[in-house]
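Here the structure is laid out as structure tokens; the discussion comes afterwards.
The values are calculated or read from the model by the stated rules, or taken from the named source; none is laboratory data. Since the structure is predicted, the reported quantities are computational estimates derived from the model, not experimental observations. FYI the Cβ positions are ideal-geometry reconstructions off the backbone, even for glycines, and counts take in every protein chain you see.
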Amino acid sequence: MTAHIYLHSGVPDVRITGIRRNTMFTADSRIKELFDTPFGYDVIQTILYMTGKDIALIKNPIVGNIKLRSLVSLSKGMIDDAFVGTLIAILNRETKRHQCSKNTIDKKWWKSAVFYQIYPRSFMDSNGDGIGDINGITMKLDYLQGLGIDALWLSPVYDSPNDDNGYDIRDYEKIMEEFGSMADFDRLLLEIHRRGMKLIMDLVINHTSDEHKWFKAAISDRSSPYHDYYILRPGKNGTYPNNWTSVFGGGAWNYYESVNEYGLHIFSKKQMDLNWEDEALRKELYGMVNRWLDKGVDGFRLDVINLISKDPQLPMGSEAIASLVGAVGYEHTFYGPRLHEYLKELRAETFAVHNAFSVGEGAGVGMEVAKQITAESRKELDEIFNFEQLDNPGKGRYDDYSYDLRYLKPLLSKWQLEYGNDCWPALVFENHDNPRMPAKVSDDGIYRDKISKLILTLMLTLKGTPYIYQGQEIGMTNSRFRELSDLRDVESINMYNKLVSLGKTPKEAMKTVGKGTRDNARIPMQWDDTDTGGFSSSEPWIACSTDHHICNVKEQIGREDSIYSFTRSLIDLRHKNEALVYGEFIPVKTDNDTFCYIRKLGNTSFYIEINLSGTNTKRKKDITKEKYAMILCNYDKHDELLRPYETTIYLIGENK
């Protein structure tokens, strides 16, 4: 689940330095002082990036010395006192940016591992009911091992009514019947470990289904011990407790007559937010996590984990902020006052006990806040997913535009150079919540092969842990959704209904929703060219892609120039060369169209050159005159020019 709210940028580093603050922010603090804090730094970088403004704007003494209280009058009504108050409160949660002093990188299995995300419902159906299942995953473990995968990330398989396809959990310790049984899961885990691979589970602990036994008890009686497990509040002045809205559209509150209270849901109406302020709830969650870890699970991916701490006062949300991030009140949820406290406690009570891995989904989290969450010395999470690379600045999934890969260069370079040796990036370009990247860049499919290989090259040659999403290794692309009945995603259905209510015709609404729906990533895995792509022996729960006859595993696995073969070669290269894991990232100065860099460790160095544009451009190095040996390329032969979306990897030096 992703809220698709971005509060960070990829602009070049801002060399404005200030003292490490020991004082708190007030309305008399000045704009230039925001750079001293992680949140302030991220916000200003974002504003500059989204507006295309230069850093000179902030360096200007007139602008830099503006007091925060003056923003109200200067914004001509766009910003109010509540906005400034919220900004100050968030700034004061962490007043110092994290400073990394480590010169070396601690080696961990999850840093060198190549992860593969499985969306169980769409991966492989073993029993012919049209729904992917656990035994289907077990059937394909040899395929994944042959690809070179080290660890699997399994989207939720817990018992759920499926309002949001498993991200609404009804029972944390029961397997969804459609997916199989706990015995099936135990067998899967055993077979994964037998192959030397690892498994992390997707865990949703920001909210549960409204069908969870805790919630049923919570709304049955105010005196129930489970009542405080959720955010239930009386109304104010005959209406909702506040003006917050759901990320999925509409208001964020449900009314429950049985207790005469409203329940908070940041996502769908059936996904009720948990109250992490309640110690009993936290202990219950930690116990559940430990039981999974005792079973042998190697770690967790934590869904929207940065939302677990809400401002307990539930203040009114800013409409001005909502116009930027898409949901009223999000500023009071995405980086709450006790977030770091909760993450430290969660780690100490669970992951640290089992030496388990943790990666969080951090919608809206920028690089400096990410450092606070993942720095080894702070003992919170190991990694966090950041999603600013998934869309161009100012754009979202439902916007009609062609993704410009050139924006990746400053963004990725910044994370590579500034994240520090005690933090470790997560490299993600596709997942279950986003349309396929090749279709975003070029929907006509002409450069599908080249773009797919380019993205995989970035993932497997940059510093960080790569997370391949199912089907990415064969270049799966978006499907064609023409009718509302084609959709299964609750968010997309809500968006369609909203657009129609605002005056769009059904055809216009489907055009917008079809391109951005999360269902693009959730169509069945394409194993072969049969009617259901080898996914099932019956009609799948969601229609197959229209191109599985030409894009499938069976066709690609035996072809040397296929995306699959390229992916396997990349993974093998990374496994055999620590320079591509722990090596220094050295950017090579080039124009905006090209992204070239060196990965160096000891005597081993690789040079990676990438054309981020759809036109020919000059190479930045004369490879023929230097000791560069071509290892891998997404074109079949060398050329004097870098061709559209070309990516080539060279080994440098005498040891090539």
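Of note:
- Flag if residue 169 is among the aliphatic types (A, V, I, L, M), assigned to a loop (DSSP other than H, G, I, E, B) and either more than 27 Å from the chain's Cα centre (by Cα) or at pLDDT 95 or above (or both): yes
- From 349, 383, 341, residue being of a type in the set (Asp, Glu) and under 26 Å from residue 92 (Cβ atoms): 341
- Selection count, segment 597-613, where residues are hydrophobic (A, V, I, L, M, F, W, C), surrounded by fewer than 21 Cβ atoms within 10 Å (Cβ to Cβ) and within 26 Å of residue 441 (Cα to Cα): 1
- Residue in segment 336-346 that is farthest from residue 267 (Cα to Cα), counting only those that are outside any helix (DSSP H, G or I) and touching a Lys or Arg at 6+ places or on another chain (Cβ under 7 Å): 337
- Between 400, 391, the distinction of being modelled with pLDDT under 95 and more than 16 Å from the chain's Cα centre (by Cα) belongs to 400 only.
- Test: residue in segment 355-363 that is in contact (Cβ under 8 Å) with a residue 24 or more places away in the chain and assigned to a helix (DSSP H, G or I): no
- Filtered by the rule that a residue be within 17 Å of residue 382 (Cβ to Cβ) and either aromatic (Phe, Trp, Tyr) or outside the structural domain of residue 522 (by TED's automatic domain parsing) (or both), segment 113-131 gives a lone residue, 115.
- Some residue of segment 103-110 being closer than 30 Å to residue 579 by Cβ and assigned to a helix (DSSP H, G or I): yes
- Residue count, segment 569-589 (criterion: assigned to a loop (DSSP other than H, G, I, E, B) and touching a Ser or Thr at 6+ places or on another chain (Cβ under 9 Å)): 4
- Scanning segment 290-327 for residues that are assigned to a loop (DSSP other than H, G, I, E, B) and not aliphatic (A, V, I, L, M) yields 296, 298, 303, 309, 310, 311, 312, 313, 315, 317, 318, 326.
- Any chance residue 86 is modelled with pLDDT of 95 or more, surrounded by fewer than 22 Cβ atoms within 10 Å (Cβ to Cβ) and either part of a helix (DSSP H, G or I) or touching a Gly at 6+ places or on another chain (Cβ under 9 Å) (or both): no
- Helices (runs of 4 or more DSSP H) fully within segment 417-517 counting 3 or more residues that are surrounded by fewer than 18 Cβ atoms within 10 Å (Cβ to Cβ) and outside the structural domain of residue 588 (by TED's automatic domain parsing): 490-501, 506-516
- Residue in segment 285-301 that is at pLDDT below 95 and either among the hydrophobic types (A, V, I, L, M, F, W, C) or buried (at least 16 other Cβ atoms within 10 Å of the Cβ) (or both) present: no
- Flag for residue 446 being among the hydrophobic types (A, V, I, L, M, F, W, C), free of Cβ contacts under 8 Å to residues at least 40 places away in the same chain and within 30 Å of residue 105 (Cα to Cα): no
- Any hit, segment 532-552, residues being farther than 30 Å from residue 104 by Cα and charged (D, E, K, R): yes
- In segment 489-510, the residues that are touching a residue at least 40 places away in the same chain (Cβ under 8 Å) and of a type in the set (Lys, Arg): 498
- In the condition set (1) assigned to a helix (DSSP H, G or I); (2) over 31 Å from the mean Cα position of the chain (by Cα), residue 76 is compliant with all but (1).
- Scanning segment 306-337 for residues that are among the hydrophobic types (A, V, I, L, M, F, W, C) and surrounded by fewer than 24 Cβ atoms within 10 Å (Cβ to Cβ) yields 314, 316, 320, 321, 322, 324, 325, 327, 328.
- Filtered residues of segment 533-568 (kept if without any contact (Cβ under 8 Å) to a residue 40 or more places away in the chain, β-branched (Val, Ile, Thr) and assigned to a loop (DSSP other than H, G, I, E, B)): 550
- Evaluated against (1) surrounded by fewer than 18 Cβ atoms within 10 Å (Cβ to Cβ); (2) of a type in the set (Lys, Arg); (3) over 19 Å from residue 410 (Cβ atoms), residue 620 falls short on exactly one condition, (3).
- Candidate set: segment 156-180, residues that are within 15 Å of residue 292 (Cα to Cα) and not hydrophobic (A, V, I, L, M, F, W, C); chosen: the one surrounded by the fewest Cβ atoms within 10 Å (Cβ to Cβ): 173
- Filter result (farther than 19 Å from residue 186 by Cβ and either within 23 Å of the chain's Cα centre (by Cα) or not in a loop (DSSP other than H, G, I, E, B) (or both)) within segment 146-165: 146, 147, 148, 149, 150, 160, 162, 163, 164, 165
- Residue 361 vs. criteria surrounded by 17 or more Cβ atoms within 10 Å (Cβ to Cβ), at pLDDT below 95 and acidic (Asp, Glu): no
- Some residue of segment 370-383 being over 23 Å from residue 110 (Cβ atoms), assigned by TED's automatic domain parsing to the domain that holds residue 334 and either outside any helix (DSSP H, G or I) or at pLDDT below 95 (or both): no
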